[in-house]
Every structure is written in C-alpha cells, then in structure tokens.
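The values are calculated or read from the model by the stated rules, or taken from the named source; none is laboratory data. Treat the numbers as computed from the prediction; the structure is a model and nothing was measured. Here the Cβ positions follow ideal geometry from the backbone for every residue, glycine too, while neighbour counts run over all protein chains shown.
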Amino acid sequence: MLKTKKRPSSKQKPAAVPAGNNEYLGVRLRHGRMTKGLRLKDVAEAADCSESMISKIENGRAVPSLNALYRIAEVLELTVGQLFEKPSEPDGLLSRAGERPIVKTDPLRSGPGLTLERLIPYDKARLLQGSIHNLAPGGSGGGLVTHEGEEVAYIIEGQVELIIGDAKYLLNTGDSICYRSEIPHGYKNSSGKPAKFIVVNTPPSF
C-alpha cells in the first residue's frame, strides 16, 4: 500500500503547466498507473491530491500544477519530462494462425470444453490482453469471475450465452458486447455446435 506523504502548505501560487504541453500527459499518466497496478485512489493519496483530479488529468480535462506533477511523477517513479513524452510505438507483434500459444487452463477462465489462443503476448508493460476462446458444445468458462477493468467480446462463429450480473445475453455470429469487468461475468455454450469468440480486456487479468 502506498504511503501518503504529508507536505507543508504553501501560500505561493503553484507553477502551472501550459495547456498546450499536455497532449500525451493523460495517456502517459494512465499507462504509468495501470502498469503499476495502482487505482486512481492510490495515486491520489500518495500524491496528496484528489481522486477526481487524477481522473480529469487522465481524460484530458485538467492540467495540474507543476508541483502536483512532481508528486505524481514521484509516485509513478517517472520524471516530469517522461509524463509529457509521446508514447513509444512498439514494433508490430505478428501472430500467425496456428502459431499462437494455446492455453487450456488458467486461473480465471478454466472450464470444461474451453481452450484459449493468445492474441497478445504477455508483457507487464502492456495494457491490453486478448484471446480467441474456442468453446465446445456444452462448454463454459467455469463460473462467474470478477476483476478490475473492462472488456469487449466479439463472436466469430457459433452461439454463446454471456452472463453479466443478473442479465443473460444470447450472442450469435457477428454480435459484440462490452462491459465492466468488476461485474460478475461468465459464459457457456448451450448449443450443439462449437463456438469461437474474441475477448479483449484491460488491464490484463490472466
């Protein structure tokens, strides 16, 4: 748990960052926070500012003072300059059909008749996770799960019953749905044919 640092109050007006310099600030702040597994509340408490301010900065709706930037950068173990840098563009990660890693059992989505094909190689610096789910007739994800973030599912072929909280959705080929991952969710294939669908979520959960 991050410790909140108490700082003496100052009557001087804090130095402001020009609005034109924050093109990448929100993206870099969110990336730095999520790669460290920190909540908005964690960063806000450690940087001695409000949670709503951190949220507004991430969404490009606020520009913090220079003093606040120093504190935020310290929490994320970055420099103030790094918070304003354009995110690096990694080389494309080509994933050939038939060459993707196959996951048959994992902590969250183990279940009967289910195999996963990794679309995005694991890396702690990545904010996305994606897999092709191959679900046999009668197969399921093994029950409801919850985790931080949000995700989107797209049905490539077949029919999948998706449970989100108290709601049930019958999805067919070409259908898609997005939802908050904190809501208990799961899926099953009640049809007599195999189903294949893509799930992409952020941050990575398994």
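Overview of values
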{"item": "Count of segment 29-45 residues which are under 17 Å from Phe84 (Cβ atoms) and of a type in the set (Lys, Arg)", "result": "2"}
{"item": "Within segment 31-60, tally of residues that are surrounded by fewer than 18 Cβ atoms within 10 Å (Cβ to Cβ) and among the β-branched types (Val, Ile, Thr)", "result": "1"}
{"item": "Residue count for segment 47-68, restricted to those that are closer than 23 Å to His147 by Cβ and part of a loop (DSSP other than H, G, I, E, B)", "result": "1"}
{"item": "Tally of residues being small (Gly, Ala, Ser) and either in contact with a helix residue (DSSP H, G or I) (Cβ under 8 Å, 6 or more places away or on another chain) or more than 20 Å from Ala97 (Cα to Cα) (or both) across segment 119-173", "result": "10"}
{"item": "Some residue of segment 36-46 being at pLDDT 85 or above and assigned to a loop (DSSP other than H, G, I, E, B)", "result": "yes"}
